[in-house]
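Read the structure below first, then the notes.
The values are calculated or read from the model by the stated rules, or taken from the named source; none is laboratory data. Because the structure is predicted, anything quoted here is derived from the model rather than measured. Glycine gets a Cβ as well: all are built from the backbone with ideal geometry, and neighbour counts include every protein chain shown.
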Number of protein chains: 2
Amino acid sequence: MNQDEALADTPPPGATVRAQTRHDKHHATSLRVERSAVSLVLEHGFDSVTVDMICSQSGISQRTFFNYFKTKKAAIIGAEPPTIDEGRAREFIAAPGDDLLPDVLTLMSAIGPREGMDEQLFTDRLRIFGLHPELMQEQMERMTRVTSEITELVYLRLGRGATVDGENDPELAFRHGQAELLTHAMLGVVRFMALQWIPDFERPAGAAGRTDRAAAPTLAESLSRTVELLRRTLSIPGL
Amino acid sequence: MNQDEALADTPPPGATVRAQTRHDKHHATSLRVERSAVSLVLEHGFDSVTVDMICSQSGISQRTFFNYFKTKKAAIIGAEPPTIDEGRAREFIAAPGDDLLPDVLTLMSAIGPREGMDEQLFTDRLRIFGLHPELMQEQMERMTRVTSEITELVYLRLGRGATVDGENDPELAFRHGQAELLTHAMLGVVRFMALQWIPDFERPAGAAGRTDRAAAPTLAESLSRTVELLRRTLSIPGL
DNA sequence: CAGGCAATTTGCAGCAACTGCAACTTAGAG
DNA sequence: CTCTAAGTTGCAGTTGCTGCAAATTGCCTG
């Protein structure tokens, strides 16, 4: 998994002289298409933007567009991020025991926008999500695709303290059910978090460039606030 | 809201003689289309079924089809159920305090398949959901549309014990956040519940879910089991 | 550096979902 | 019964998306 990166750190022996290797080119084009798509949608709205528009602005043919992205929505949301990082998974399983909830949330957030990603593109996408719930929906759907993987990790973490031989099938099945339930519930929480994150819906026609840095909490801030709220909510007496 | 029902219990003065009132006819056609769609999809799969097929089997034109349902998917999932029942909402707010979770789940379940609905159609749809995750997705998306309404109800219920004059804005806002978070999380739980419900869903071996051919549990059973699991999960010490 | 293999790109033809419009049919009120 | 409005239909057109085969391009080997 994550073949892109694997190839990336094996540059051709000719040092950095060869500027445009096949792989780089693909990546560049992909990014160019994403940018075109996002900017066009921000300008005209999702329905008014045709695939042909995106193509001509990106300098590729329509057919090539669909070689890069399966659907129009996919192009706007961006290239599919790889599956869960192996190292991250290990960390998660072995992490100190009294922080399960935030850890799960962190794990899930890693599926969405990545760390070193283009800042402008990122916030633009957030704005689009606010404007077009359908696309937000698509993003969430993408996350649900890894539900089973996360469930497995949660399952392992839940069971790490148990003695191996002291348990029987029903207990394991029960714990797996717990993991599954917990994962789905946390996915809902992620949605909540994402919604809190999306900037103001109202958008004056004036300055297109983001000038006010008023409400743009980092992932970590947003996360810790959510966890705090979650903890206090779970402690409601008559729940 | 729920205008259908409101009109239904106001039959024309001519008793039951007039068999096909305008409204009834619409309802009948709608149901016929749904049935055609569901059976065809079960037989050939979603992609292989064209709207034209559904139309000819239902005896309507394609144009009329799109007058009844916005999209092909919508026809398969079925007519949009009305918004939350007013009486139900009141009940929810006033219900005894120590059963919030199951009550929320019940409220949400009411959005999906209705009580007095066609049994065959219902189970067929479940099968389709198992076969085509995209449609399940659509159904869930439909549920998320009432998120804000449910949030409001939860908010009211959370605050019903508080003295009116003893609270200030921050407290109210905080409670609203709680309601929002809770609603989203519960929506995730509903998804979990739905998955347990669907027969033969291809999932990684060992995952919780029915693989046997036993009859599907009723909504109430499934719900109480889920709540039980949820409660025991929330009481995990190092959560 | 030439030649060739394989991956990518592209044009083209075509299908299916969906929409607006205008004409037509029908149900139900007066 | 008649008239009006609601519901239905055909038609033409747009758009997303796919398969296929030809053209192009990057890259490796001799």
Give the number of residues within the stretch A:195-239 that are under 25 Å from the mean Cα position of the chain (by Cα) and modelled with pLDDT of 90 or more. 13
Out of the residues in the stretch A:43-56 meeting the condition of being in a loop (DSSP other than H, G, I, E, B) and not hydrophobic (A, V, I, L, M, F, W, C), tell me which one is nearest to DNA strand C (Cβ to nearest atom). A:D47
Options B:L126, B:L31, B:L40, B:L100; residue that is assigned by TED's automatic domain parsing to the domain that holds B:A194 and in a helix (DSSP H, G or I): B:L100
For residues that are at the interface with chain A (Cβ under 8 Å from one of its Cβ atoms) and at pLDDT below 95, scanning just the stretch B:143-194, find the one that is nearest to B:R125 (Cα to Cα). B:T144
Within the stretch B:89-104, restricting attention to residues that are among the charged types (D, E, K, R) and surrounded by fewer than 19 Cβ atoms within 10 Å (Cβ to Cβ), which residue is nearest to the other protein chains (Cβ to nearest Cβ)? B:D98
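Can you name the residue in the stretch B:57-73 that is on the phi < 0 side of the Ramachandran plot and either not in a helix (DSSP H, G or I) or not assigned by TED's automatic domain parsing to the domain that holds B:A28 (or both) and, of all such residues, is surrounded by the most Cβ atoms within 10 Å (Cβ to Cβ)?
B:F69
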Only one of B:L107, B:L126 is in contact (Cβ under 8 Å) with a residue 24 or more places away in the chain, away from DNA strand C (no atom under 16 Å from the Cβ), surrounded by 13 or more Cβ atoms within 10 Å (Cβ to Cβ) and more than 15 Å from B:I150 (Cα to Cα). Can you tell me which? B:L126
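Which one is nearest to A:L223 (Cα to Cα), of the residues in the stretch A:103-123 that are β-branched (V, I, T) and assigned to a helix (DSSP H, G or I)?
Of the residues in the stretch A:103-123, the ones β-branched (V, I, T) are A:104, A:106, A:111, A:123.
Subset that is assigned to a helix (DSSP H, G or I): A:104, A:106, A:123.
Numbers: A:V104: 11, A:T106: 8, A:T123: 17 Å.
Selected residue: A:T106.
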Among the residues of the stretch A:18-65, which ones are within 11 Å of DNA strand D (Cβ to nearest atom) and of a type in the set (G, A, S)? A:A19, A:A37, A:S48, A:S61
Among all residue pairs at least 6 apart or on different chains, which show Cβ distances below 8 Å where the first residue, located in the stretch A:228-239, is facing another protein chain (nearest Cβ under 7 Å) and touching a residue at least 12 places away in the same chain (Cβ under 8 Å) and the second is β-branched (V, I, T) and part of a helix (DSSP H, G or I)? A:L230/A:V189
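Does B:I128 meet the test of being within 14 Å of another protein chain (Cβ to nearest Cβ) and β-branched (V, I, T)? Before you say what the answer is, go through the steps one by one.
Working: within 14 Å of another protein chain (Cβ to nearest Cβ): no; β-branched (V, I, T): yes.
Considered against the rule, which asks whether it is within 14 Å of another protein chain (Cβ to nearest Cβ) and β-branched (V, I, T), B:I128 comes out as no.
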